[in-house]
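Notes follow the structure.
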Amino acid sequence: MKQKWLVMMISLVGLVLSMLARPAAAALEDTLYEKGMITKEEWLKAKAEAEKAMGPVEKLDDWQKKVSKLPILSDKFNIGANVLQVQYLANQADGTPGTSDNRFFIRRAELITWGKVNDYWPRWHMLFDFAANSNIGRSSGLNSISTSGTATDNNQIIREAYVDIVPSLSAQPYIDRFRIGQYRIPVGIEGSTSSGLIDFVNRNYITQAPGASAGGFTGTAAAGTLSSTIDFIQERDVYVDLKSKPLEQLELDLGIMNGNGINGPGTAFDNNSQKDFFGRARVKPRKDLFFSMGTIQGESTNLNSRNGGRGKGNYDRYIADFQWRPEFIPGFWLQGEYAWGHDAPPAASLALDAVTTGRGEVRRAWYVYGKYLIQSGPLKDFEVLARYEQFDPSSNVSQDMMDRTTVGINYYFANLPPRIQAKFMINYEFRHRDGFGPGTKVNKLDEFGNDALLIQLHVRWF
């Protein structure tokens with residue numbers, strides 16, 4: 001009998017010690033089940049009762065802690081949702097004369113796959129956008145649904161595909177890797193940021209600049225109507241990029257690309273003999289601050305519209321940016337970019353071989369935005385944000401300046417960037433345009449001159 005009691009006492013002491021040694025988050029039923037002191041059915045019942053007793057906030061916090069510790073599937077192959085965006089738009093601009101612009105549609109539906117071959121091929125990457133088909137709702141304007149065949153349409157489902165190659169492990173990080181394929185061009189901040197991680201419903205004017213009225217300048221569109229958006233600083237192209245990190249505080253990119261972007265006019269295919277060059281230097285003096293300077297230099301294809309177009313000839317882009325996330329103000333974020341550049345003057349016709357000379361249009365765009373994520377209290381996981389921006393499509397044309405003020409609120413159901421973001425977004429855009437040029441004014445059909453309300457459900461998960 002004494003031996004039996006001794007065994008029971010030793011078991012009890014061992015149980016208590018094991019419970020004390022476990023993290024505080026470990027539940028009693030988990031410990032009892034691991035020790036074999038309760039059955040699986042009893043353990044499942046206890047877990048169900050414990051979960052039922054938890055509040056919704058406790059459930060979400062517990063889920064986030066577990067998800068944050070999950071590994072990716074493997075280093076060979078992974079798959080996830082880069083972003084799914086379901087959007088409601090109430091635009092004060094009319095879709096057609098006398099018809100209000102009020103829509104509910106799929107903005108983006110992007111699937112991402114990636115993996116690793118070996119240390120010399122450390123990453124391959126592909127991204128598919130199933131909303132790229134115009135029948136689903138790809139936007140060719142600021143929030144407009146595209147029509148097949150317009151000059152800037154691009155209905156490629158495969159939006160990105162690249163491989164990273166390390167020529168020599170011993171040369172890293174000075175020659176860190178070469179990136180070869182179609183991807184976001186590493187200049188600026190927002191243009192090189194995935195749609196799954198942007199803070200506003202619409203991108204800024206630098207990466208999504210509006211076109212202008214073709215009427216009264218060159219081209220055949222009626223006065224007061226809009227051409228498509230232009231890529232002032234284009235987002236993607238097919239390129240070879242050398243990445244280097246010679247210092248801990250310095251990152252360098254230098255590359256050569258096809259030019260005109262994957263949304264190039266007329267056709268999505270570029271002439272391989274025509275190449276553009278890009279480069280960026282990013283300095284990180286502190287963990288919570290960086291600033292960069294980037295450029296793109298090359299030759300453009302003729303796209304005929306004086307404010308929104310360009311000729312066939314030399315062009316250049318320069319962009320300066322900064323991002324500050326002060327450690328002493330958790331949740332605060334301040335970011336800005338300033339871009340400028342020249343295009344060859346548009347030709348008198350749309351002939352792709354009509355070469356023009358001179359500096360042509362001089363364009364400028366800039367924005368600054370701030371946001372604050374509330375991290376405690378009854379408003380925890382709410383984020384307030386505001387952005388102001390301007391775009392001057394041509395310094396040679398008066399009365400064409402555009403500006404936009406965006407205010408918004410985001411609520412995060414889950415926020416574990418860069419892998420997971422699930423949020424509900426509300427933006428209101430105060431849009432203003434001086435006109436389409438001398439002696440013109442904005443009309444009811446101009447979506448860039450009339451305010452808009454945007455509501456979006458945004459999910460990123462991988």
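The values are calculated or read from the model by the stated rules, or taken from the named source; none is laboratory data. Given the structure is predicted, the values throughout are model-derived calculations rather than measurements. Neighbour counts are summed over all protein chains in view; Cβ atoms, including those assigned to glycine, are modelled from backbone coordinates with ideal geometry. Each accessible area value is taken on the protein alone, full model and side chains, heavy atoms only, with ligands, DNA and RNA left out. Shrake-Rupley method; radii C 1.70, N 1.55, O 1.52, S 1.80 Å.
Here LEU352 does not qualify as at pLDDT 95 or above and more than 24 Å from GLY255 (Cα to Cα). The set of residues in segment 361-390 being open to solvent by 10 Å² or more (accessible area, probe 1.4 Å) and in contact with a Leu (Cβ under 6 Å, 6 or more places away or on another chain) consists of GLY370, LYS371. Would you be able to say whether some residue in segment 153-173 is of a type in the set (Lys, Arg), modelled with pLDDT of 95 or more and assigned to a strand (DSSP E or B)? No, segment 153-173 contains no residue that is of a type in the set (Lys, Arg), modelled with pLDDT of 95 or more and assigned to a strand (DSSP E or B). Of LYS35, LYS59, all but one fail to be more than 30 Å from ASP446 (Cβ to Cβ) and either out of contact with any Leu (no Cβ under 8 Å at 6 or more places or on another chain) or modelled with pLDDT of 70 or more (or both); the exception is LYS59.
Cβ separations smaller than 8 Å between residues 6+ apart or across chains give the following pairs from segment 229-240 residues that are outside any strand (DSSP E or B) to residues that are aromatic (Phe, Trp, Tyr) and modelled with pLDDT of 80 or more: PHE232/TYR205; PHE232/PHE391. Checking ASP119, ASP94 one by one, the residue that is more than 20 Å from LYS423 (Cα to Cα), of a type outside the set (Lys, Arg) and at pLDDT below 80 is ASP94 and no other.
Table: residues versus (1) modelled with pLDDT under 90; (2) among the acidic types (Asp, Glu); (3) over 24 Å from the mean Cα position of the chain (by Cα).
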| residue | (1), (2), (3) |
| --- | --- |
| THR356 | yes, no, yes |
| PHE413 | no, no, no |
| PRO418 | yes, no, no |
| LYS423 | no, no, no |
